[in-house]
Amino acid sequence: MMRPARLAVGVVSAGRVGSVVGAALSRAGHTVVAASGLSNASVRRAEQLLPDVPLLPPDEVARRADLVLLALPDDALAGMVHGFVATGSLRPGQIVVHTSGAHGIDVLAPAAEAGALPLALHPVMTFTGRAEDLDRLATCSIGVTATEGDEAAWNVGEALTVEMGAEPVRVPDEARALYHAALAHGANHLMTLVADCAELLREAGIAQPERLVAPLLSAALDNVLRHGDRALTGPVARGDLGTVRKHLAVLAERGPDIAPSYRALAKRTLARGDAAGLLDASAAAELTELLSDPADPAEGQQNQ
């Protein structure tokens, strides 16, 4: 695999992702020459993870760098790239990398037109912006996207990923939106689901609910990753109509904000379990009727 030369790295900006990825590149032997960051949190992260790195305006960071690392919110990325081009902050031969999962390399088109090499390197993990993220980064995958047909560019992205200790996974540009939707659906909504679970347990009077559910949730995650839909358990997968009816009733009373998501996920569980052959036709039909939303006339008609 092609190994990049030692690079001068500019980090825009030193948020949770940028500070950690910048530190990982530094640990791999590259030199972080400048970073941008205005908030107190960004300044503190830079002090901890990018010590002695000067904090400068974004255009100055870009001018100093061989590799410009754009760790920005999705909606801010295009404007920053256009701004760099308009101010002449980019030059031919630079590598311009963004860490957004939602974008491919199209958002970097103005940089490519200015002669830069565009890359998307999306770490598939959540960030706290603390030092422990460096160890997590070394165990995760990074979604790599480069220009179609430019094998040298793909190799540069993969080599940078390997240098940081992560595993490169090629993601075609046209697949980025679906790729990111899948990851957000899994990770972000899992966090919401677990937080709702803990909230209901506290409502039930359970102290330290996180300790109670940690082994259960860890086992469930391991099982589904190993066995897929065959690992489905619980009242929906078993066709226990009475238990599901009790759940809906108690959630309507004690957890009305959570009840709609329970119903929606139970429907999805039913669909997957039914497709996997875990339920008989009669149980599936009864659960479908029970889980139909009475506030949705169209759905109610479909189940008649």
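The values are calculated or read from the model by the stated rules, or taken from the named source; none is laboratory data. Keep in mind it's a predicted model, so treat the numbers as computed, not measured. All Cβ positions, even for glycine, are placed from backbone atoms using ideal geometry, and neighbour counts span all protein chains on display. The accessibility values were calculated without ligands, DNA or RNA, using every heavy atom of the protein model including side chains. Shrake-Rupley method; radii C 1.70, N 1.55, O 1.52, S 1.80 Å.
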Along the Cα-to-Cβ line of ASP106, 7 Å from the Cα, sits a label point; which residues in region 172-215 have backbone N less than 13 Å from it?
173-178
Between ASP222 and GLN48, what FRET efficiency follows from the Cβ-Cβ distance if R0 is 51 Å, with the result rounded to 0.05?
0.95
Where in the chain are the helices, taken as whole DSSP H runs, whose Cα atoms extend 30 angstrom or more along the long axis and whose Kyte-Doolittle mean reaches at least -0.5?
176-203
Given a 1.4 Å probe, the accessible area of the chain per residue, as a whole number of Å², is 53
Restricted to Cα positions, what overall size does region 179-292 have along the principal axes? Three whole-Å values, descending.
39, 36, 25
Heavy atoms of the protein only, probe of 1.4 Å, neighbouring chains included. What is the accessible area of MET125 in Å², nearest 10?
40
Which semi-axis lengths, in whole Å and largest first, follow from the square roots of five times the eigenvalues of the Cα gyration tensor of region 8-171?
21, 19, 13
Can you compute the helix-only [θ] at 222 nm over the chain? Use -39500 (n - 2.57) per DSSP H run of at least 4 residues, normalise by all residues, nearest 500 deg cm²/dmol.
-17000 deg cm²/dmol
With label points set 7 Å from each Cα along the Cα-to-Cβ direction at ASN188 and ALA204, the distance between them in nm comes to 2.9
Can you give the convex hull volume per residue for the Cα atoms of the chain, as a whole number of Å³?
175
In nanometres, what is the gap between the two model label sites at THR243 and ALA8, each 7 Å from Cα along Cα-to-Cβ?
6.4
Taking the alpha-carbon centroid of each part, what is the distance from region 152-167 to region 242-260 in angstrom?
48
Solvent exposure, largest accessible area first (probe 1.4 Å, DNA, RNA and ligands not counted), of ARG211, ARG64, ARG238, ARG263
ARG211, ARG238, ARG64, ARG263
